[in-house]
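Read through the structure below, which is laid out as structure tokens, and then see the notes.
The values are calculated or read from the model by the stated rules, or taken from the named source; none is laboratory data. Predicted, not measured: the structure shown is a model, and the values here were computed from it. Virtual Cβ from ideal backbone geometry, glycine too; neighbours counted across all protein chains shown. For the accessible areas, the whole protein counts, side chains as well, though only heavy atoms, and no ligand, DNA or RNA atoms are used. Shrake-Rupley method; radii C 1.70, N 1.55, O 1.52, S 1.80 Å.
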Amino acid sequence: AHLAALVLARGGSKGIPLKNIKLLAGVPLIGWVLRAATDAGVFHSIWVSTDHDEIEKVAKQFGAQVHRRSPEVSQDSSTSLEAIREFLNHHHEVDIVGNIQATSPCLHPSDLIKVADMIQKEGFDSVFSVVRRHQFRWSEVKKGENKMTEPQNLNPAKRYRRQDWPGELYENGSFYFAKRHLIEKGYLQGGKMAYYEMRAEHSVDIDIDIDWPIAEQRVLSFGYFGKEPLKEVKLLVCSIDGCLTNGRIYVTEDQKEMVSYDYRDIVGVDLLKKRGIQVRLISERDCSKTLSAMQLGCIAKVYTADKLQVLEDWQKDMGLSWKEVAYLGNEESDVECLKKAGMSGVPADACAVAQKAAGYICKSNGGCGAVREFAEHIFLLLEKVNSARKQ
């Protein structure tokens with residue numbers, strides 16, 4: 001049976017414009033679930049259904065195929081079921097649809113693997129995700145009604161302690177798997193039906209977590225970052241022009257060059273050093289005088305035609321695995337380095353091919369705090385590494 005992952009990502013969003021591709025912890029929102037679906041290895045095909053060119057571009061960057069949905073199922077009033085049925089009408093090879101919500105960035109491949117087994121091996125027709133909550137419910141009293149509220153799932157005279165009450169199961173919206181015959185009849189849940197209980201910390205819904213910074217913290221703590229476990233970063237290599245500086249060169253009347261940089265980035269370099277992370281700099285042009293004036297005290301390689309060769313030499317000399325190397329670049333000449341490094345980032349104004357190769361896209365431009373921001377990102381991920389070690 002052909003099992004297809006399908007992510008619905010309409011361009012229109014009344015709350016947050018183009019929310020599905022807005023950067024969350026440096027990764028487009030939709031990228032988190034596409035990464036999990038790809039690494040699960042259980043889908044015969046992975047699709048994004050969209051009506052928007054920019055969403056299509058991001059989906060393809062993450063390896064998904066794109067179904068261009070019609071205007072009829074792209075309205076504010078359109079339902080998920082309508083969009084899924086249209087997809088099936090165009091893809092007769094698909095037998096089972098795993099509808100994954102783009103707004104669930106803490107989804108892990110292990111969850112998808114188990115659900116695929118429930119559908120394909122245990123014979124369920126539909127499986128959906130739930131989360132366990134320990135919340136007491138009370139009846140609603142509308143304004144102006146002369147009524148008392150009533151308990152819905154508790155006895156106020158004998159309130160349960162959390163450890164004595166199993167709680168209740170609620171849909172968390174992360175995914176809905178269903179066989180074709182059910183969907184064609186107008187159901188996402190039906191037939192031989194089962195739920196899959198997800199861990200509470202993985203049940204992050206951006207539709208509910210309106211505060212984006214809070215959602216980012218949740219993702220950094222509980223999100224899925226790839227097949228290989230994160231390792232502690234020991235080396236950050238930063239491109240000078242366009243990352244440490246804004247890439248502009250000012251020439252005085254006496255033909256002296258001047259560049260500008262942000263003091264926050266200098267602080268970022270110092271913080272990395274204090275955490276035991278070595279910082280090295282690289283440039284295609286000869287900017288020795290600039291580096292001397294900045295007094296960073298970092299090893300640098302300038303006027304180099306092959307950044308990747310320099311990076312490989314440093315990595316080998318220090319005896320590091322690629323997972324222990326971070327790289328911040330912004331140009332086409334940085335792409336291969338970005339792909340090799342275990343942690344990679346680019347400023348917000350980096351070129352398109354560099355952004356595509358990077359694992360993290362800063363909110364700050366080059367020379368305007370991008371180094372400091374990337375340093376903070378590294379520190380957050382190091383906290384995740386240390387937390388995993390303790391567990």
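Among the residues of the stretch 211-223, how many are open to solvent by 20 Å² or more (accessible area, probe 1.4 Å) and under 15 Å from the mean Cα position of the chain (by Cα)?
Residues flagged as open to solvent by 20 Å² or more (accessible area, probe 1.4 Å) and under 15 Å from the mean Cα position of the chain (by Cα) within the stretch 211-223 amount to 8.
Name the one entry in Ala370, Ala300, Ala348 that is free of Cβ contacts under 8 Å to residues at least 24 places away in the same chain and small (Gly, Ala, Ser).
Selected residue: Ala348, the only one of Ala370, Ala300, Ala348 that is free of Cβ contacts under 8 Å to residues at least 24 places away in the same chain and small (Gly, Ala, Ser).
For the stretch 224-318, which strands (runs of 3 or more DSSP E) that fit wholly inside it have 3 or more residues that are open to solvent by less than 30 Å² (accessible area, probe 1.4 Å)?
Filter on the stretch 224-318 gives 235-239, 278-282.
Looking at the stretch 146-165 only, could you name the residues that are open to solvent by less than 80 Å² (accessible area, probe 1.4 Å) and more than 22 Å from Tyr196 (Cα to Cα)?
Hits for the stretch 146-165 are Thr149, Pro151, Asn153, Leu154, Pro156.
Hey, can you tell me all the residues within the stretch 175-210 that are part of a loop (DSSP other than H, G, I, E, B) and open to solvent by less than 80 Å² (accessible area, probe 1.4 Å)?
Gly186, Leu188, Gln189, Gly190, Gly191, Ser203, Val204, Asp205, Ile206, Asp209
Residues that are assigned by the TED database to the domain that holds Leu244, open to solvent by less than 30 Å² (accessible area, probe 1.4 Å), part of a loop (DSSP other than H, G, I, E, B) and within 15 Å of Val27 (Cβ to Cβ): does the stretch 344-361 have at least one?
Checked the stretch 344-361: at least one residue is assigned by the TED database to the domain that holds Leu244, open to solvent by less than 30 Å² (accessible area, probe 1.4 Å), part of a loop (DSSP other than H, G, I, E, B) and within 15 Å of Val27 (Cβ to Cβ).
Could you tell me which of the residues Ser45, Ser77 is in the same structural domain as Ile119 (by the TED database) and over 30 Å from Glu122 (Cα atoms)?
The unique qualifying residue is Ser77.
Considering only residues that are among the hydroxyl-bearing types (Ser, Thr, Tyr), under 25 Å from the mean Cα position of the chain (by Cα), modelled with pLDDT of 95 or more and crowded, with 18+ Cβ neighbours inside 10 Å, which ones fall in the stretch 78-135?
Ser129
The rows are residues; the columns are (1) under 19 Å from Thr103 (Cα atoms); (2) not aromatic (Phe, Trp, Tyr).
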{"site": "Thr149", "(1), (2)": "no, yes"}
{"site": "Asn153", "(1), (2)": "no, yes"}
{"site": "Gln163", "(1), (2)": "no, yes"}
{"site": "Leu188", "(1), (2)": "yes, yes"}
{"site": "Tyr224", "(1), (2)": "yes, no"}
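Between Tyr160, Tyr170, Tyr224, which is aromatic (Phe, Trp, Tyr) and without any contact (Cβ under 8 Å) to a residue 12 or more places away in the chain?
Tyr160
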